[in-house]
1. Which ³J(HN,Hα) values, rounded to whole Hz and listed in residue order, are derived for the range 77-93 from phi using the Karplus coefficients 6.51, -1.76 and 1.60 in 6.51 cos²θ - 1.76 cosθ + 1.60 with θ = phi - 60°, glycine and proline given as x?
2. Please name which of Gly175, Pro101, Leu150 has its Cα lying farthest along the dipole of the chain towards the positive end, using unit charges on Cβ (Lys, Arg +1; Asp, Glu -1) and the Cα centre as origin.
3. Once the piece of chain linking Glu45 and Lys234 is laid out straight, how much longer is it, given 0.36 nm per residue of separation minus the C-alpha distance between them?
4. About the Cα centre, and with charges only on the beta carbon of Lys, Arg (+1) and Asp, Glu (-1), how big is the dipole of the range 116-241? Nearest 20 debye, please.
5. Based on DSSP H runs of at least 4 residues, each adding -39500 (n - 2.57), what is the mean residue ellipticity at 222 nm of the chain after dividing by all its residues, to the nearest 500 deg cm²/dmol?
6. On the accessible surface of the range 63-162, probed at 1.4 Å, how many percent belong to carbon and sulfur atoms?
7. About its Cα centre, what dipole magnitude does the range 61-134 give when the only charges are +1 on Lys and Arg Cβ and -1 on Asp and Glu Cβ, stated in debye to the nearest 20?
8. Between Ser74 and Ser148, what length comes free when the chain is fully extended (0.36 nm per residue of separation minus the Cα-Cα distance, one decimal in nm)?
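The values are calculated or read from the model by the stated rules, or taken from the named source; none is laboratory data. This one's a predicted model, so the numbers in the text were calculated from it and none came from an experiment. Note that we place each Cβ from the backbone using ideal geometry, even for glycine, and neighbour counts take in every protein chain shown. In case anyone asks, the SASA skips ligands and DNA or RNA and just uses the protein heavy atoms, side chains included. Shrake-Rupley method; radii C 1.70, N 1.55, O 1.52, S 1.80 Å.
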Amino acid sequence: MYPLAVPSVTPSEKLKLLANIELFSGFSAKQLEAASRVARTKTLERRQELFHKGDEGGEVYVVASGKLKALTTSMDGDDVVFSILGPGEVFGEVALLGATPRTATVTAIEDCRLLAIDRRDFMSFLRADPEVAVKLLSVLAMRLKRVSELVEDTLFLNLPLRLAKKLLSLSRIYGERSDEGVRIDLKLSQEEWGDLVGTTRESINKQVRKWTDAGIVRVDDGYLIILKPVELEKLAGAVIY
């Protein structure tokens, strides 16, 4: 059992969160109220697993606060991270729509608060408003695009290019600018950085040391700071900002 150290989501927070999610943006006030009532709160502490690949899926989730990672594990025990899930993102819908087991393991990177909507309630929203179903297709298409890019990058790009591309992508979403550079607001271990780009902790360590010596990045208490974004852009072969 994990101690409940993460505060739950209040009713007013539920309503505000759902209203700001693109998936439910066409909902009337009455529909949002109904969704808010059936959405129960779930809290996770850092490193706690929400569900495992192969588990039966009975709920769809909305991230209220915190960040999680969706990953799969090879027969050799190596993890590959498909995506990082942050506030406002919806996930877990694949198992619900297809009535299939979970396709990935989802674990909290930091303390998280989630909204969980039961399959029966979620399906009723889809039937009541076809626009929600159309928007859900966009969510699924974006997720498929992420997986496709991950496979292509792993097959065709060397580690420096893969890591540069991943850092620039994450800095767009989680970057905090300062006079020093861009701090990526994700506290990850070297092993987790390796999982994001399909390599080992040792390889990540070696590459980060090279970039640190060159003054391109700096690691501060588990957070990575991009000191020279332009240098990473040159490595990635495209201007991301």
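1. Each residue of the range 77-93 in turn: x, 8, 8, 10, 8, 6, 7, 9, 10, x, x, x, 7, 9, 8, x, 7 Hz.
2. Ranked along the dipole, the leading option is Gly175.
3. 64.3 nm
4. 280 debye
5. -13500 deg cm²/dmol
6. 61 percent
7. Dipole about the Cα centre, nearest 20: 200 debye.
8. 24.9 nm
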